[in-house]
Amino acid sequence: YDNTVIAAEDDELSVRLRQNGGKIYRIDRVSTLHDMDMHHVSEWWNRARRGGYAYAQVSSLHGAPPEKKFVREIRRTWTWGFLVPVATVSLAFLTHGWSLLVLLRYPLTTLKTIYSYHKQGFSWSDSIAWGLSCGLVVFPEAIGAMSFLLNRVQNQQHEIIEYKGPQSSVS
């Protein structure tokens, strides 16, 4: 692993392995379970912020063709987590508030996801948690991406973004 990459290390390593002639094989079996063990919104927020940082960092390393690693994800993060909200609020005065209607996209996406997951057989509580997570994730991701850019501009070493508190560590 590249110890400067703080998240999505396996994605980044896979790109380098393929670039050097290696092959990545996937097997049709569950080989590990990733237990995030999150119990608080703050843990979810930090995990999503870490994901945004990873999208920005790994796409800066491997975003060029042919890899285009995390290019779509970082574009979504910047568009919906930063540009759309800032533009919408900035234009509110000029549009007499009409631009704020664009912000309805967030609750509508959340509701659509909630109902879609519930129709797939998930409980209402799980569907609501997942819908909220999907609908709001772009905001902490954008903050993580901004953190990466600030670190890069200031030539600072990247530090891991922990999302689990000491009470939730696995023995």
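Readers should treat all values here as calculations from the given coordinates under stated rules, not as data from a laboratory. Just so it is clear, the structure is predicted and the values come from calculations on it, not from any experiment. So basically every Cβ, Gly included, is an ideal-geometry build from the backbone, and we count neighbours across all protein chains shown.
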Dividing the helical contributions, -39500 (n - 2.57) per DSSP H run of n ≥ 4, by the residues of the chain yields a 222 nm value, nearest 500 deg cm²/dmol, of -17000 deg cm²/dmol
Using the Cα centre of the stretch 1-76 as origin and beta-carbon charges of +1 (Lys, Arg) and -1 (Asp, Glu), tell me which of Ser14, Val71, Asn46 is placed farthest towards the positive end of the dipole. Val71
Let me know the longest stretch in the chain that avoids all trypsin sites (Lys or Arg not before Pro) found in a DSSP loop with at most 14 other C-beta atoms within 10 Å. 69-171
With the crude spin-label approximation of a point 7 Å out along Cα→Cβ, what separation in nm comes out for Leu33 versus Thr79? 3.6
R0 of 35 Å, Cβ-Cβ distance Val41-Asn3: FRET efficiency to nearest 0.05: 0.70
Over the chain, what relative contact order in percent results from Cα pairs under 8 Å that are six or more residues apart? 34
Can you compute the charge dipole magnitude of the stretch 34-93 about its Cα centre, using +1 on each Lys and Arg Cβ and -1 on each Asp and Glu Cβ, nothing else charged? Give it in debye, rounded to the nearest 20. 260
Output needed: percent of Cα pairs per 10 Å distance bin for the chain, bins running from 0 to the one holding the longest distance. 9, 27, 35, 23, 6, 1
Rounded to the nearest 20 debye, what is the charge dipole size of the chain about its Cα centre when +1 sits on each Lys and Arg Cβ and -1 on each Asp and Glu Cβ? 600
Cut-off of 10 Å, at most 12 other beta carbons, DSSP loop: longest stretch of the chain lacking such GluC sites (Glu not before Pro): 1-158
What percentages make up the Cα-Cα pair-distance distribution of the stretch 50-90 when the bins are 5 Å wide from 0? 6, 26, 25, 19, 13, 8, 3, 0
Which of the chymotrypsin sites (Phe, Trp or Tyr not before Pro) found in the stretch 92-165 are loop residues per DSSP with 13 or fewer other Cβ atoms within 10 Å of their Cβ? Phe93
